[in-house]
1. Filtering region 322-345 down to residues that are among the charged types (D, E, K, R) and surrounded by fewer than 20 Cβ atoms within 10 Å (Cβ to Cβ), which residue is farthest from the ligand (Cβ to nearest atom)?
2. Any residue that is more than 16 Å from the ligand (Cβ to nearest atom), out of contact with any Pro (no Cβ under 8 Å at 6 or more places or on another chain) and either on the phi > 0 side of the Ramachandran plot or not in a helix (DSSP H, G or I) (or both) - is there at least one of those in region 243-252?
3. Restricting to region 312-342, name every residue that is small (Gly, Ala, Ser) and touching a residue at least 40 places away in the same chain (Cβ under 8 Å).
4. Would you please name the residue that is nearest to the ligand (Cβ to nearest atom), looking only at residues in region 215-231 that are of a type outside the set (Phe, Trp, Tyr) and under 21 Å from the mean Cα position of the chain (by Cα)?
5. Pairs needed: first member in region 40-57, under 13 Å from residue 282 (Cβ atoms); second member anywhere, part of a loop (DSSP other than H, G, I, E, B) and hydrophobic (A, V, I, L, M, F, W, C); C-beta distance under 9 Å; at least 6 residues apart or different chains.
6. Could you tell me whether residue 485 is among the small types (Gly, Ala, Ser), surrounded by fewer than 21 Cβ atoms within 10 Å (Cβ to Cβ) and out of contact with any Ser or Thr (no Cβ under 6 Å at 6 or more places or on another chain)?
7. Read through the list (1) within 21 Å of the chain's Cα centre (by Cα); (2) surrounded by fewer than 22 Cβ atoms within 10 Å (Cβ to Cβ), then give the number of the only condition that residue 101 fails.
8. Tell me the residue from 214, 158 that is without any contact (Cβ under 8 Å) to a residue 12 or more places away in the chain, over 24 Å from residue 322 (Cα atoms) and of a type in the set (Asp, Glu), please.
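The values are calculated or read from the model by the stated rules, or taken from the named source; none is laboratory data. Not measured: the values here are computed from a predicted model. Don't worry about glycine lacking a Cβ; one is built from the backbone with ideal geometry, like all the others, and counts go over all protein chains shown.
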Amino acid sequence: MNYISTRSENSEKKSAAYVIKQGIAPDGGLYVPESIPVLSQADITALTKMNYIERAAHVLGLFLTDYTKEELIRAASKAYGRHKFPSPPVRLSQVNGDYVLELWHGPTSAFKDMALQIMPHLLALALEKTGEKRDALILVATSGDTGKAALEGYADAERVFIQVFYPSDGVSNIQKRQMATQSGKNVCVTAIKGNFDDAQSGVKAIFGDGEIIEALNQKGLFLSSANSINWGRLAPQIVYYVSAYCELLKQKKIKPGETLNVTVPTGNFGNILACYFAKKMGVPIGKLVCASNKNNILTDFIRTGVYDKRRPFYTTISPSMDILISSNLERLLYLIAGASRCAGYMKSLLEKGYFEVEKDVLEVIQQDFCGCFCDEDGTKETIKRYFENYNYLSDTHTAVGLYCAEEYKKTTGDDGAMLIASTASPYKFSPAVLGALGETVPAEEFEALKKLNAVSGVQIPERLAKLESKKVRFTKIIEKEAMKSEVLAFADAIKK
Ligand SMILES: *Cc1c(COP(=O)(O)O)cnc(C)c1O
């Protein structure tokens, strides 16, 4: 299986290992597989008998054809079989007649662990396969969740180093503590004075800085990234949708061939795109409900075909979905409209702040997707109602999904089986969840964590519970102008 760019017709074809190492295509496009492999009904039946690690190796093997079965089994075992990552890593609950796919039982209590636990192993193998002599230095700017999940995934990975920058006043205390206590010989965490945009611009500037790239090259290092524009992050997400269908079959909740609708709380469009791939591979998935918060640019796009980012940006209680440019939408646009139209949309978005797809493209999108959104009051009301009526405690992002799944059923009358992706532990957002339940919120976040536990009786994930007493390793706060020298200093420390 080879990979091509979303932005050029006849772009050069690259291997999976190459695109995982490289991240983004030279024309600014994202890499996509040149065809989508197919799972037959018999394949799905066979997968049903496997455990998560075997399912992951099988599904990934169809996309990463330059990796051997043994390599993929080993990578998946390291990622999903470690004692610290409960096995199976995904839990399926039944709530109010729907199925909730909890993707956050990994080490950082957010669904990003599902991809970031395996991606480092795929990258280490990619370095071997492409004959890369240098080691990778992953640079991450984070507003919270991604940074910790990437640190945890890459900690002590071979031939890979990771440096994370976060805005010192722009992340929650728990997120700060999660990052500052990170273990591993190959990690570095630095706070910067500024906001998330400052951190992000600083990292982007370093990626484009010839001087620093050459200095790193001299030391046998090259820069790489860990965000969801990298195919190595997207592919592992396809696995849990295939696996969830198999699990429901195994538990006889659905019959072979029965259609399953799926709702995904969406930000950058990575998670829901993975589900779309599972559907196109042949898993009997029906509608994909794209659930947005008050930043409902995707809802508007799916309903009208116009994607317009010239609108206010809202800070919400579901911050990981506060996004106006959903990068992975580009991959969907390519798959439906082709490279030349896709490049045109992206150019228009960059230059004019919006684009509009043609009627035929919109119709194809609407066959598979339905756009819904949930505002702040709706999110809070949903958290409270699900807790009171169904004794189910959800985080703020999952609540958006629960609400939109109900909306979809109400407005369309489609009462087929529904799966909702649950993307974070409620304890990652304790103050907002407590507030939604109508409780007073303690000023100190660790107190909020304990109070939510007392109110709900739901167990605190072990690692979050232990965080308060964990030793802080990284305390450095720098000016944003000093990021470049901070990267060089880390490179010196690595290669001394
Ligand atoms: C990242 C994230 C999302 C959004 O996922 P995308 O793949 O960017 O659409 C939703 N919920 C939580 C908790 C997240 O961390």
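1. Across region 322-345, the extreme among qualifying residues is 341.
2. Checking region 243-252: at least one residue is more than 16 Å from the ligand (Cβ to nearest atom), out of contact with any Pro (no Cβ under 8 Å at 6 or more places or on another chain) and either on the phi > 0 side of the Ramachandran plot or not in a helix (DSSP H, G or I) (or both).
3. Matches in region 312-342: 318, 320, 326, 327, 338, 339, 340.
4. Among them, the one singled out is 228.
5. Listed pairs, sorted by first residue: 44/283; 47/39.
6. Numbers: among the small types (Gly, Ala, Ser): yes; surrounded by fewer than 21 Cβ atoms within 10 Å (Cβ to Cβ): yes; out of contact with any Ser or Thr (no Cβ under 6 Å at 6 or more places or on another chain): yes.
It is true that residue 485 is among the small types (Gly, Ala, Ser), surrounded by fewer than 21 Cβ atoms within 10 Å (Cβ to Cβ) and out of contact with any Ser or Thr (no Cβ under 6 Å at 6 or more places or on another chain).
7. All conditions are met except number (2).
8. The conditions single out 214.
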